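Asks: Got a structure for you, questions after.
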Amino acid sequence: MQKEKVSVHTLIHRLLLLLVALALVSCTKQREDERGGVIREIDGLSFDHTMPLSYATAFRADVYTAQDDASDTREAFTLLTVRDTDAYLLIPEQHSAPQTLPPDIKPIQLPIKNAYLCASSSMSLVASLGALDALRFSAIQKKDWYIDEAVRAMDAGSLLYAGKYSAPDFERLLDGKCPIAIESMMIYHSPQIREKLESLGITVFIDTASYEAHPLGRLEWIKVYGLLFGKEREAERFFDEQTQKLAVLNQLGANASSAKKKVAFFFVSPLGMVVIRGSDDYIVKMIELAGGTYAFPATKKSTSPSVQISMEQFYAQAGDADILIYNASIDNSIRSKQDLLDKNPLFAEFKAVKSENVWATGKYLYQATDKIGDMILDIHAILDGKSDETRFLERVE
């Protein structure tokens, strides 16, 4: 009896090994490039090159061509890999996906029409590319958009509200022949919605730009949307224009007046706690790129980019800050210095309040991804005492 149990156990073990071996054989072959990145070998396609990136690390774009393409101009297939967890093969028009494409690679047929946009920070990038006509559905209502092009599209009826990301109107999406849902990382909190969308044949593409540590890494995601919507050249041009704006800072140099100035970026929660950004957050990097120093250099974020501290802790580290920037995209109740004092009388003791160097962002901060370069220039302007040059920051008087 004992021998039979051992035999069954051995058979199960061998079966598992066989299944693993079969799984490995069925996967696409892969090799490493000169930088240690993985280049996947896809049957029927020839690897051509990897898109060069300047700052982004949360996506990779490998370009392939069809091996049997007899035409003079070989159409490009692009394998988009997002954080090494999701892979998407962009299929050019009049081509089809390779028959042996493994299940972990999701095909996306180009051109894209009738897309459902749930990642609000992506809208400004799509609009900057002139690709809004590829969208048909929005997970954000008109009243919550701060992107003019999105508001106008909803007014015209070319962009329709199809429910929030966690409760989409599946029937509307199906009736509208929606092929793809462009989601933010919030979809990870609603896995059943992702599963339902995919079961209906709607590809779920997850924008993970929020993982980019460098603000220009976030901006470089415009190249992803250039690939998705056939606007590669426009994306390259836009990204170059934005980064060239920051070259002005290098020409000016991190002059002593701005380099020594201390900046705090925050808002006050309804419970009276002060919410700051972790020191490895992209907004902190924007302050540093502008020539400032962050008031909380040793505050690392955990799972959230924000950190809550008490008012006393905030005063201890930011009481001598030269500049306070209030995050009005979360809490837009600050319109005057008195509004700030109403939050907590201790603000009257802050150096920046006494010197009237308190600023507020607009509500559009997290939606205006395309303006990251301009925002950095705004921060530099207030660090340099040129308050008349700001476009996205307003002085709180």
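Asks: Looking at the chain, do any whole DSSP H helices span at least 18 angstrom along their long axis by alpha carbon and average -0.5 or above on Kyte-Doolittle, and which?
Replies: On the way: long enough: 2-26 (36 Å, 1.09); 232-252 (31 Å, -0.97).
Span-like helices, by this rule, are 2-26.
Asks: Sticking with this structure for a sec: Would you mind giving the average projected area, over all directions, of the Cα convex hull of region 267-397 in nm² with one decimal? It would help to have the intermediate numbers written out before the result.
Replies: Numbers: hull surface 29.5 nm².
Mean projected area for region 267-397: 7.4 nm², to one decimal.
Asks: Now a separate question. Sort region 176-247 into rounded, prolate or oblate with this rule: let a ≥ b ≥ c be the square roots of the eigenvalues of the Cα gyration tensor; rounded if a/c is under 1.5, and if a/c is not under 1.5, prolate when a/b is larger than b/c, oblate otherwise.
Replies: It comes out oblate by the Cα gyration axes.
Asks: Ok, one more. Measure off, as a whole percent, the carbon and sulfur share of the 1.4 Å-probe accessible area of the chain, all protein chains present. Provide the component values of the computation, followed by the final result.
Replies: Values: 10360 of 20170 Å².
C and S atoms contribute 51 percent here.
Asks: Would you mind telling me the antiparallel percentage of the DSSP bridges in region 97-225, rounded to 5?
Replies: Approximately 0 percent, going by the DSSP bridge assignments.
Asks: Straight-line reach only, C-alpha to C-alpha below 16 angstrom: list the aspartates and glutamates that Lys337 could link to, leaving out same-chain residues fewer than 8 apart.
Replies: Asp322, Glu349, Glu356, Glu394, Glu397
Asks: Something else about it: What share of the DSSP beta bridges in region 254-386 is antiparallel, in percent to the nearest 5?
Replies: Here the antiparallel bridges make up roughly 45 percent for region 254-386.
Asks: Using 27 Å as the Cα-Cα cut-off, could you pick out the over-long pairs in Lys164/Lys245; Lys261/Lys343; Lys262/Lys300; Lys196/Lys285; Lys223/Lys260?
Replies: Working: Lys164/Lys245 35 Å; Lys261/Lys343 25 Å; Lys262/Lys300 18 Å; Lys196/Lys285 38 Å; Lys223/Lys260 35 Å.
Distance filter (> 27 Å) returns Lys164/Lys245; Lys196/Lys285; Lys223/Lys260.
Asks: Which FRET efficiency value, to the nearest 0.05, is calculated for Val248 and Asp331 with the Förster distance at 51 angstrom and r the Cβ-Cβ distance?
Replies: After rounding to 0.05, the efficiency reads 0.95.
Asks: May I pose another question? To make sure I understand the rule: partners must be aspartates and glutamates, Cα under 17 Å from the Cα of Lys143, and not fewer than 8 residues away in the same chain. Which ones qualify?
Replies: Leaving aside aspartates and glutamates fewer than 8 places away in the same chain, those within reach of Lys143 are Asp155, Asp331.
Asks: Here's something else I'd like to know. Using a Gaussian network model of the chain whose springs link C-alpha atoms within less than 10 Å, name the residue from Pro107, Pro297, Pro168 with the highest mean-square fluctuation.
Replies: Pro297
Asks: Another one. Heavy-atom accessible area per residue, the chain, 1.4 Å probe: how many Å²? Intermediate results must be reported in sequence, preceding the final value.
Replies: Working: 20170 Å² over 397 residues.
The answer is 51 Å² per residue.
Asks: Please report the Cα spread of region 114-176 along all three principal axes, rounded to whole Å, starting with the longest.
Replies: On the principal axes, region 114-176 reaches 29, 19, 19 Å in Cα extent.
Asks: Here is a further query. Looking at (1) 0.99; (2) 1.05; (3) 0.96, which value of Rg/Rh (Cα atoms, Kirkwood Rh) comes from a calculation on the structure shown?
Replies: It is the one labelled (2).
Asks: Now, a different point. Which value at 222 nm does the chain reach when only helices count, each DSSP H run of 4 or more adding -39,500 (n - 2.57), with the total divided by all residues and rounded to the nearest 500 deg cm²/dmol?
Replies: On the way: 14 runs with 131 residues, N = 397.
So the calculated ellipticity at 222 nm is -9500 deg cm²/dmol.
Asks: For region 325-331, just list the computed ³J(HN,Hα) in residue order, Karplus coefficients 6.51, -1.76 and 1.60, θ = phi - 60°, integers in Hz, with x standing in for Gly and Pro.
Replies: 10, 8, 7, 7, 6, 9, 10
Asks: Turning to a different aspect of this structure: Computed over the Cα atoms of region 53-124, what is the convex hull's projected area averaged over all directions, in nm²?
Replies: On the way: hull surface 27.0 nm².
About 6.8 nm², averaged over all directions.
Asks: On to the next question. Amide H neighbours of Ile325 under 5 Å, at least 5 residues apart or on other chains, H built in the peptide plane: list them.
Replies: Ala264, Phe265, Phe266, Trp359
Asks: Give me the one-decimal nm value for the distance between modelled label points at Arg391 and Asn114, 7 Å along each residue's Cα-to-Cβ direction.
Replies: My value for the distance between the label points is 3.7 nm.
Asks: Taking H placed 1.01 Å from N in the peptide plane, check which residues at least 5 places from Ile39 or on another chain put their amide H under 5 Å from its amide H.
Replies: Hits under the 5 Å cutoff: Arg31, Glu32, Asp33.
Asks: Which of Leu110, Leu340, His95 sits closest to the plus end of the dipole of the chain, meaning its Cα is farthest towards the positive end, when Lys and Arg get +1 and Asp and Glu get -1 on the C-beta?
Replies: Leu340
The values are calculated or read from the model by the stated rules, or taken from the named source; none is laboratory data. Fair warning: this is a prediction, and the values are worked out from it, not measured in the lab. A quick note on method: Cβ atoms are made from the backbone with ideal geometry, for glycine too, and the neighbour counts reach across all protein chains shown. For accessibility, only protein heavy atoms count, side chains too; no ligands or nucleic acids. Shrake-Rupley method; radii C 1.70, N 1.55, O 1.52, S 1.80 Å.
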